[in-house]
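Rule-based calculations on the coordinates, nothing more; no lab input. Everything numeric in this text was worked out from a predicted model, so none of it was measured. Ideal geometry is used to build each Cβ from the backbone, glycine not excepted, and the neighbour counts take in all protein chains shown.
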Amino acid sequence: MKVATWNVNSLKVRLVQVQDWLDEHQPDVLCLQETKTEDANFPLTEIRQSGYQVIYSGQKTYNGVAIISKKPAADVQYGIPGFADEQKRVLAATIDGVRIVCVYVPNGQSIDSDKYQYKLVWLSALQAWLKEELQRYPKLALLGDYNIAPEDRDVHDPVAWAGNVLVSEPERAAFRGLQQLGLRDAFRIFEQPDKSFSWWDYRMMGFRRNHGLRIDHILLSPQLACNACSIDRAPRKLERPSDHTPVLAEIA
DNA sequence: ATGGCTTCATAGTGAAGA
């Protein structure tokens, strides 16, 4: 089963790129973040034309998540249960026997911001929910934009970024908290090239200079085997790219 | 360089992202 995640930074702008990527890679599951699309305007017909089904939870301007899949999505969950949140950041469903959880973790803006506190509370609620979810669904994959670079090797310039939002110790502790539930970072199961990133700043030729961060992740429960995991840099080279690029894994 | 670029909502700029 091939699963993938991609923060598209507006599905409207990136729709053709998503369709092309589906055609080329034929994933069983593709989780999207930052669709920035209200449900009434979701390009349902276009996704179906690509031979896929899709569930989505969106809003105007910000956030928005979707799960595109070849097989139908069952037991759909919108948001973190018991955690009141206007922001559309979580979508979960069982697809072909695997619990797929698609997340768009808050950015946090800066460590002295209210949004940073929201991010930490949000991550704590996510962890508490997933602990229960893992008991219900031993085969679980958590895919998305975590807005956390887990280690210094996931940062192009760790000195410049030290203590900053996306790399701060409380955020990394929250990431380790997810790992302590038994979830494994699929990317790090395998030997990977140095300076592998999934996001590059639009500014200052960030991609050309490989000034990036690895903040998009696929975490897998112990009951899921993993045969491969990689970052596909190709869409970042297209005209009008998202600032994120897809991460994909082969699981069983 | 508290900048740089892109998107959205809006109709000239501002917020937010990471």
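For this structure, a couple of remarks:
- Simple spin-label estimate for residue A:118 and residue A:227 in nanometres, 7 Å along Cα-Cβ: 4.2 nm
- Restricting the range A:1-103 to GluC sites (Glu not before Pro) that sit in a DSSP loop and have at most 13 other Cβ atoms within 10 Å of their own Cβ leaves A:86.
- Farthest toward the positive end of the dipole of the range A:144-252, out of A:210, A:168, A:144, is the Cα of A:210, where the dipole comes from beta carbon charges about the Cα centre.
- Whole-Hz ³J(HN,Hα) from phi, Karplus 6.51 cos²θ - 1.76 cosθ + 1.60, for the range A:191-199, glycine and proline x: 4, 9, x, 4, 6, 8, 10, 10, 9
- For the range A:165-252, the fraction of C-alpha pairs farther apart than 19 angstrom is 46 percent.
- Straight-distance crosslink candidates among lysines, where the alpha carbon sits under 21 Å from residue A:139 and sequence neighbours closer than 8 are dropped: A:2, A:70, A:71, A:131
- Calculated from backbone phi, Karplus (6.51, -1.76, 1.60) coupling profile of the range A:237-252 in Hz, x at Gly/Pro: 8, 6, 5, 6, x, 5, 6, 9, 10, x, 10, 9, 9, 9, 10, 8
- Gained length - residue A:164 relative to residue A:44, 0.36 nm times residue gap less alpha-carbon distance: 39.4 nm
- Neighbour-limited loop hits for chymotrypsin sites (Phe, Trp or Tyr not before Pro), the range A:1-71 (at most 15 other Cβ within 10 Å; DSSP other than H, G, I, E, B): A:62
- Judged by a Cβ-Cβ distance under 4.7 Å, the unpaired cysteines of chain A are A:226, A:229.
- Taken as entire DSSP H runs, the helices of chain A that both span 27 Å or more between Cα atoms along their own long axis and average -1.0 or more on the Kyte-Doolittle scale are A:114-136.
- Average projection area in nm² (convex hull over Cα atoms of chain A, one quarter of hull surface): 12.4 nm²
- Across the range A:1-106, Cα pairs under 8 Å and at least six residues apart give a relative contact order of 23 percent.
- Mean separation of Cα contacts under 8 Å, 6 or more apart, over the residue count of chain A: relative contact order %: 19 percent
- Three-way shape label, the range A:157-210, alpha-carbon gyration tensor, a/c 1.5: oblate
- Whether the range A:42-101 is rounded, prolate or oblate, judged on the alpha carbon gyration tensor where a/c under 1.5 counts as rounded: oblate
- Hydrodynamic radius of the range A:182-229 by the Kirkwood approach over all distinct alpha-carbon pairs: 12.2 Å.
- Cα gyration tensor shape for the range A:1-101, rounded if a/c is under 1.5, else prolate or oblate: oblate
- A simple spin-label model places the labels of residue A:86 and residue A:190 4.2 nm from each other, with each point 7 Å out along Cα-to-Cβ.
- Cα centroid separation - the range A:54-114 against the range A:187-217, whole Å: 23 Å
- For the pair residue A:110 and residue A:12 in one chain, pulling the backbone fully straight at 0.36 nm per residue adds 32.5 nm over the alpha carbon distance.
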